[in-house]
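Below is one structure; the comments refer to it alone.
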Ligand code: SF4
Ligand code: SF4
Ligand SMILES: [Cu+2]
């Protein structure tokens with residue numbers, strides 16, 4: 001499908017058809033372009049499409065917040081608990097698998113932030129020292145921890161409080177700091193989506209690199225400013241009011257690679273005067289094989305914060321699933337017996353430290369040592385880990401998909417009776433009587449799906465590790481690949497074991 | 001205010017600060033009595049709708065057979081008394097089992113009266129894990145009461 005070729009500005013300078021032209025292939029992405037689709041493409045190219053999507057999700061969030069605080073305090077009957085922990089989480093990963101980071105695109109937290117910014121324009125730039133993923137990594141780990149400690153999945157009130165806190169944090173951050181500081185440096189959901197979306201089949205990318213080469217304005221990053229009305233204005237063009245933002249996440253289209261840090265906000269699409277940005281199809285995970293500098297990110301394989309983010313992502317996937325099965329009680333009880341502790345948080349903190357710091361350090365250290373040994377080099381271990389860590393993303397994503405997919409598919413239709421029940425509490429059953437018999441797919445059907453997701457993840461991880469192993473030298477590729485392949489297999493086997501346990505969905509037990 | 005009581009109920013549900021699973025289940029009877037004593041609070045769990053129906057305080061003593069319910073059908077015995085300890089007869093008693101985690105289909109059961117104030121029936125636990133049971137009581141005079149009883153740690157056979 002070479003939809004991009006029909007674009008007029010490309011036709012003009014395209015060589016005669018049939019002539020094999022490597023350079024032309026290089027600069028032209030001959031992939032399917034969602035923005036060229038008749039209805040969907042037109043909708044997305046409409047400047048207010050994002051705001052419309054966000055408004056819908058915002059409305060839904062307000063209903064959820066209302067139900068969290070004033071509805072029944074029983075998770076299975078509360079829209080906040082159900083939609084957050086069953087439907088939303090599941091949809092996020094499934095949509096990323098099938099399309100792209102559409103949650104960030106429709107993110108409801110951005111709307112109050114936009115309004116707040118009209119009242120108070122941000123004056124500061126995000127501090128240089130915090131221009132990395134650490135604030136978000138810490139928040140990500142804290143959310144995972146709070147989720148287990150306070151049993152958020154069984155607690156509508158706290159789920160509502162979390163959503164409200166999220167709105168507040170996004171608005172405060174972006175009222176104080178310019179550009180998309182919250183998305184890029186603070187938001188844990190955003191980082192989760194960014195990492196996941198390296199696995200998705202769609203990417204916001206330029207259609208023809210040559211057009212960018214000849215582009216004088218670079219509006220995709222600078223933004224479109226109001227037309228100068230006098231020569232004096234033209235002189236100070238950058239200071240004129242912005243009519244269309246450029247990429248607030250500092251991704252300069254011609255040098256952007258992959259989906260990391262892209263919120264699918266489409267500002268670049270609206271800003272580009274040459275209509276040269278599309279939503280193009282690509283091979284999922286392909287970007288993980290790429291090594292090198294990219295716009296707005298630098299060189300991820302040299303950034304330890306990206307390594308830490310991937311560790312929390314991949315090992316957190318296992319931890320989050322492990323915390324739902326009964327052996328975790330045994331582990332907690334054992335720690336309590338050994339230490340004599342009688343409060344939960346230190347025990348849970350110990351389990352977290354074990355799963356997110358000690359275990360990864362040992363496993364990654366071992367794999368990197370073997371790789372170093374086989375390649376007879378004296379590269380520092382951390383550099384090897386930083387390079388290979390991205391091979392953990394596919395298997396990590398597979399585990400998140402399996403776990404959240406499990407809740408999503410087994411609980412798919414429960415939203416109907418819960419919504420009917422909520423409507424009924426307004427006085428009349430305007431959505432009908434609650435159909436409590438509605439559930440979802442049976443576990444026997446969902447289980448093979450889970451296995452499929454995780455197996456795809458394993459294969460993906462192996463492919464990426466192989467490509468990393470073969471990137472710098474063609475010697476002993478298999479030997480350098482093997483330790484990482486073994487690590488992926490270990491994670492896969494642990495995940496399969498976890499998914500084979502009955503999901504205990506504990507609430508009261510750890511929640512002391 | 002109503003909201004506050006709901007929170008209090010949420011806290012009461014997990015008052016024992018380190019309730020290991022086994023102790024918890026064998027303690028079921030004691031816990032039911034404990035919960036019954038905060039029955040008025042439990043009545044508020046139905047949120048806004050609770051002010052429409054007239055509600056009354058009742059004591060509910062719920063036991064399962066086997067005492068630690070497993071996945072599958074469990075036999076249920078329920079004793080219903082008024083605050084002064086007299087059995088309540090001819091009430092319509094419905095149970096609704098739910099998991100703590102959202103996204104699971106509830107299971108329902110109607111109990112039938114065996115002796116005065118003693119109701120029994122079966123309830124199906126469809127999955128291992130932590131459950132709670134909502135006991136809905138409709139008195140012969142039309143007044144209603146609802147109570148929530150935790151059933152943690154339903155085992156998979
Ligand atoms: S994407 Fe558009 S605005 Fe950006 S450099 Fe290319 S042609 Fe210029
Ligand atoms: S403006 Fe930046 S974040 Fe938004 S879609 Fe374009 S590249 Fe992605
Ligand atoms: Cu789970």
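Brief remarks on what is shown
- Meets criteria (in a helix (DSSP H, G or I) and surrounded by 17 or more Cβ atoms within 10 Å (Cβ to Cβ)) for residue A:51: no
- Qualifying residue in the range A:363-380 (condition: under 25 Å from residue A:90 (Cβ atoms), buried (at least 21 other Cβ atoms within 10 Å of the Cβ) and assigned by TED's automatic domain parsing to the domain that holds residue A:499): no
- When residues of the range B:132-145 are limited to those that are within 14 Å of chain A (Cβ to nearest Cβ) and farther than 23 Å from residue A:153 by Cβ, the one surrounded by the fewest Cβ atoms within 10 Å (Cβ to Cβ): B:136
- Helices (runs of 4 or more DSSP H) enclosed by the range A:304-358 - at least 3 residues per element that are within 16 Å of ligand 3 (Cβ to nearest atom) and assigned by TED's automatic domain parsing to the domain that holds residue A:132: A:304-322, A:327-339
- Against the criterion of being more than 16 Å from ligand 2 (Cβ to nearest atom), at pLDDT below 90 and more than 14 Å from chain B (Cβ to nearest Cβ), residue A:238 qualifies.
- Single match in A:340, A:411 (criterion: over 24 Å from the mean Cα position of the chain (by Cα), more than 26 Å from residue A:486 (Cα to Cα) and modelled with pLDDT under 95): A:340
- Any chance residue A:297 is within 16 Å of ligand 2 (Cβ to nearest atom) and out of contact with any strand residue (DSSP E or B) (no Cβ under 6 Å at 6 or more places or on another chain): yes
The values are calculated or read from the model by the stated rules, or taken from the named source; none is laboratory data. What you see is a predicted model, and the numbers here were worked out from it, not measured in a lab. Using ideal geometry, Cβ is built from the backbone for each residue, glycine included, and neighbour counts are taken over all protein chains shown.
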